[in-house]
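One structure is given below, encoded as structure tokens.
The values are calculated or read from the model by the stated rules, or taken from the named source; none is laboratory data. Not measured: the values here are computed from a predicted model. Positions of Cβ are generated from backbone atoms using ideal geometry, with glycine treated the same way; all protein chains shown enter the neighbour counts. The area values use the complete protein model at the heavy-atom level, side chains included, leaving out ligands, DNA and RNA. Shrake-Rupley method; radii C 1.70, N 1.55, O 1.52, S 1.80 Å.
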Amino acid sequence: MRDSQLWKDLVLGNEQALGSLMRLHYRSLLNYGQKFIRDEEFLKDCIQELFIEIWNRKLTLSSPDNVKAYLFSSLRRKIYREVNKLPLFSPHESADGGDSSVHVEFSPEWWLIEEESLAERTQKMGYLLNLLPKRQREVIYLKYYQELSREEIAQVMTISPQTVSNLIQLAFMNLRDRMKTVAISLLAILGLFLS
């Protein structure tokens, strides 16, 4: 509700509303952007330019259903546009939003670690998540780390809500299969030591 009001105020020319929206979403936008590119200065510039563009277009903007999803989607497109302008951008990397350009990574920092056994499970889960195909990693990140709905994820990734559901289901199937494979491998190794 707060986002919607700030957006309305921004469209009416309230600079403080723009600042409030930026402060409110800056950290999550930076975290999301780091899933695509690691250059923090580049990301900070993209986020700043994004908000400048929003301010400059305020008179023509409509009210999005979800401001956070709109900002994520806009940042994602901006990163792709700006990366294409970089001189070191390799031609085999696509900036059209396809699998080859999305680089979502999970690390143990994402998990709350309170005891050693939890830390071990967390490390294994981070490893397994990083083995997922890129689009599946991105959808898991948006769903469980940014708590976006299926429709909001569809908007951010410019795919259908059904495709979001399919990607989530495929991610869980992949995780389950990989966990079985890891467990079988561990049992086989353990069997070698015990025999």
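Which residues, counting only those in region 1-42, are out of contact with any helix residue (DSSP H, G or I) (no Cβ under 8 Å at 6 or more places or on another chain) and open to solvent by less than 30 Å² (accessible area, probe 1.4 Å)? 19 - this is the single residue of region 1-42 that is out of contact with any helix residue (DSSP H, G or I) (no Cβ under 8 Å at 6 or more places or on another chain) and open to solvent by less than 30 Å² (accessible area, probe 1.4 Å).
Quick one: would you say residue 41 is over 23 Å from residue 148 (Cα atoms) and modelled with pLDDT of 85 or more? Steps first, please.
Working: over 23 Å from residue 148 (Cα atoms): yes; modelled with pLDDT of 85 or more: yes.
Answer is yes for this residue.
Considering region 43-57, the residues that are more than 20 Å from residue 155 (Cβ to Cβ) and in contact with a Leu (Cβ under 8 Å, 6 or more places away or on another chain) include one that is least open to solvent (accessible area, probe 1.4 Å), namely 43.
Here region 58-71 is the region considered, the condition is being part of a helix (DSSP H, G or I) and in contact (Cβ under 8 Å) with a residue 12 or more places away in the chain, and the residue that is most open to solvent (accessible area, probe 1.4 Å) is 59.
For region 148-186, what are the residues that are acidic (Asp, Glu) and modelled with pLDDT of 90 or more? Full working, then the answer.
Taking region 148-186 first, the residues acidic (Asp, Glu) are 151-152, 177.
Listed by number, the residues that qualify are 151, 152.
Listed by first and then second residue, the pairs linking a residue in region 158-175 that is assigned to a helix (DSSP H, G or I) to a residue that is open to solvent by 50 Å² or more (accessible area, probe 1.4 Å), with Cβ atoms under 6 Å apart and 6 or more places separating them unless they lie on different chains, are 161/150; 161/151; 164/150. Name the residue that is most open to solvent (accessible area, probe 1.4 Å), counting only residues in region 104-145 that are at pLDDT 80 or above and not in a helix (DSSP H, G or I). Applying the filter and picking the extreme gives 133. Of all residues in region 7-28, those satisfying the criterion of being within 17 Å of residue 53 (Cβ to Cβ) and either of a type in the set (Lys, Arg) or in a helix (DSSP H, G or I) (or both) are 7, 10, 11, 15, 17, 18, 19, 21, 22, 25, 26.
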